[in-house]
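Heads up, the thing below is written out as structure tokens.
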Amino acid sequence: MDPKHVKVPPMMDLTIDNITENTVTINSQGDDQRLTYVMERLVTHLHDFARETRLSTTEWMAALNFLVRVGQISSDVRHEFILLSDILGLSLLVDAIDHPKPPASTEGSVLGPFHTHEAETIPNGELIAHDPEGEPCLVVCTIKDVQGNPIEGVKIDIWETDSTGHYDVQHSDRQGPDGRCVMNSDKEGVFWFKAIVPVPYPIPHDGPVGQLLKLLKRHPWRPAHMHFMFEKKGWDHLITALYMRNSPYETSDAVFGVKKSLIVDYSTADAAIAKKYGVKEGSKVLKHDFVLVSEKETERLRDENALKAMEKLGRKVKLLNHLPVPDVD
């Protein structure tokens with residue numbers, strides 16, 4: 001390219017003190033206001049981090065090589081970058097920012113690295129887990145709005161581990177999806193299925209994320225839980241999980257997913273429940289009422305929270321597609 005056609009701000013004699021300003025300036029020529037703002041804040045915080053910690057070349061290279069290893073071990077069934085985001089608390093933070101919840105609605109949790117799009121759609125009452133060693137568990141749920149009205153036709157993704165604490169995709173000899181399914185709520189907002197009792201399990205810790213946890217003297221374990229994801233047009237996308245009360249690691253989840261409102265108790269199937277749902281009397285039963293929020297309500301809360309947060313930081317912004325950008329008008 002002819003250098004005469006390159007129109008960029010001049011940069012010379014870069015130093016510790018002026019490199020940030022120059023980097024921000026040269027990154028500010030694009031047409032995407034949001035990208036420009038995100039890059040400006042990213043560069044500012046990264047440079048301040050390096051200056052504050054007096055980052056060494058050795059540490060910088062170690063960090064870059066660490067990220068290379070995170071990418072190398074990732075695959076279609078193992079997303080090491082999601083694990084890294086999870087153990088740093090970033091996944092939960094982003095979900096809380098992007099999907100704020102009003103009182104009495106179901107809170108979100110982390111997606112984790114083992115959701116897939118290959119689960120089969122099943123009707124109410126089907127068995128989703130075929131592990132003979134797993135303890136049977138009947139799961140009966142409703143989906144309602146904040147006024148208590150049932151929501152029909154919600155797509156629900158459900159996934160859990162087997163009795164050894166492994167997801168189906170972690171088994172090299174698997175024949176297809178197991179311990180997972182897709183369902184749709186009926187006209188009463190109900191969905192129910194037969195599963196196995198969730199067990200605690202460690203996140204994959206044989207890779208770079210596990211090495212980092214070891215250096216930090218942190219364990220890789222998650223308490224027993226079952227994942228749920230809800231989708232329907234007009235309703236805020238909800239990714240959440242139910243956590244079994246008094247499960248080990250309930251207060252030290254490696255990926256920070258547990259919230260008090262998501263901790264649940266089992267009941268026991270009496271004769272009537274056993275007959276109605278076709279399970280053995282005395283089986284464990286998990287009942288829960290999920291409450292969804294409309295997209296409009298979520299947008300309103302997200303806008304309100306964003307403006308309050310920026311005002312607290314002393315930043316003058318406006319919202320573009322519900323995301324803050326500098327207000328330079």
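On the given criteria, is Thr106 more than 18 Å from Thr161 (Cβ to Cβ), part of a helix (DSSP H, G or I) and open to solvent by less than 30 Å² (accessible area, probe 1.4 Å)? It would help to see each step written out before you state the result.
Working: more than 18 Å from Thr161 (Cβ to Cβ): yes; part of a helix (DSSP H, G or I): no; open to solvent by less than 30 Å² (accessible area, probe 1.4 Å): yes.
So Thr106 fails the test.
Within the stretch 119-157, track down each residue that is among the charged types (D, E, K, R) and open to solvent by 40 Å² or more (accessible area, probe 1.4 Å). Let's see the steps before the verdict.
Applying the first criterion (among the charged types (D, E, K, R)) to the stretch 119-157 yields 120, 126, 131, 133, 135, 144-145, 152, 155, 157.
Matches in the stretch 119-157: Glu120, Glu126, Glu133, Glu135, Lys144, Glu152, Lys155.
Read through the list (1) part of a loop (DSSP other than H, G, I, E, B); (2) touching a Pro at 6+ places or on another chain (Cβ under 7 Å), then give the number of the only condition that Glu281 fails.
Every condition holds for Glu281 apart from (2).
Hey, can you tell me all the residues within the stretch 180-193 that are touching a Ser or Thr at 6+ places or on another chain (Cβ under 9 Å) and either open to solvent by 10 Å² or more (accessible area, probe 1.4 Å) or of a type outside the set (Phe, Trp, Tyr) (or both)?
Across the stretch 180-193, the qualifying residues are Arg180, Cys181, Val182, Met183, Asn184, Ser185, Glu188, Gly189, Val190.
Which strands (runs of 3 or more DSSP E) does the stretch 180-235 wholly contain that include 3 or more residues that are more than 17 Å from Val264 (Cβ to Cβ) and of a type outside the set (Gly, Ala, Ser)?
Because the criterion is at least 3 residues that are more than 17 Å from Val264 (Cβ to Cβ) and of a type outside the set (Gly, Ala, Ser), the strands (runs of 3 or more DSSP E) in the stretch 180-235 that meet it are 180-184.
Just to be sure before I move on: is Ser172 surrounded by 15 or more Cβ atoms within 10 Å (Cβ to Cβ) and among the polar types (S, T, N, Q) in the structure I sent? Explain how you work it out, then say what you get.
Working: surrounded by 15 or more Cβ atoms within 10 Å (Cβ to Cβ): no; among the polar types (S, T, N, Q): yes.
Considered against the rule, which asks whether it is surrounded by 15 or more Cβ atoms within 10 Å (Cβ to Cβ) and among the polar types (S, T, N, Q), Ser172 comes out as no.
Any chance the stretch 44-65 includes a residue that's on the phi > 0 side of the Ramachandran plot and not in a helix (DSSP H, G or I)? Don't jump to the end; show me each part of the working.
Of the stretch 44-65, the ones on the phi > 0 side of the Ramachandran plot are 54.
Checking the rest, the ones that are also not in a helix (DSSP H, G or I) come to 54.
Yes, the stretch 44-65 contains a residue that is on the phi > 0 side of the Ramachandran plot and not in a helix (DSSP H, G or I).
Quick check on my filter: what residues within the stretch 5-43 are more than 32 Å from the chain's Cα centre (by Cα), surrounded by 10 or more Cβ atoms within 10 Å (Cβ to Cβ), in a loop (DSSP other than H, G, I, E, B) and without any contact (Cβ under 8 Å) to a residue 12 or more places away in the chain?
Result: Leu14, Asn18.
Of all residues in the stretch 260-272, which are more than 24 Å from Thr106 (Cα to Cα) and either of a type in the set (Lys, Arg) or buried (at least 18 other Cβ atoms within 10 Å of the Cβ) (or both)?
The one that is more than 24 Å from Thr106 (Cα to Cα) and either of a type in the set (Lys, Arg) or buried (at least 18 other Cβ atoms within 10 Å of the Cβ) (or both): Ala269.
Which condition from (1) touching a helix residue (DSSP H, G or I) at 6+ places or on another chain (Cβ under 9 Å); (2) open to solvent by 10 Å² or more (accessible area, probe 1.4 Å) is the one that Leu213 breaks?
Failing condition for Leu213: (2).
The values are calculated or read from the model by the stated rules, or taken from the named source; none is laboratory data. Here the structure is a predicted model, which is why all the values come from computation and not from measurement. When we count neighbours, we look across all protein chains shown, and the Cβ atoms used for this are built from the backbone with ideal geometry, even at glycine. These accessible areas exclude ligands, DNA and RNA; they are computed on the full protein's heavy atoms, side chains included. Shrake-Rupley method; radii C 1.70, N 1.55, O 1.52, S 1.80 Å.
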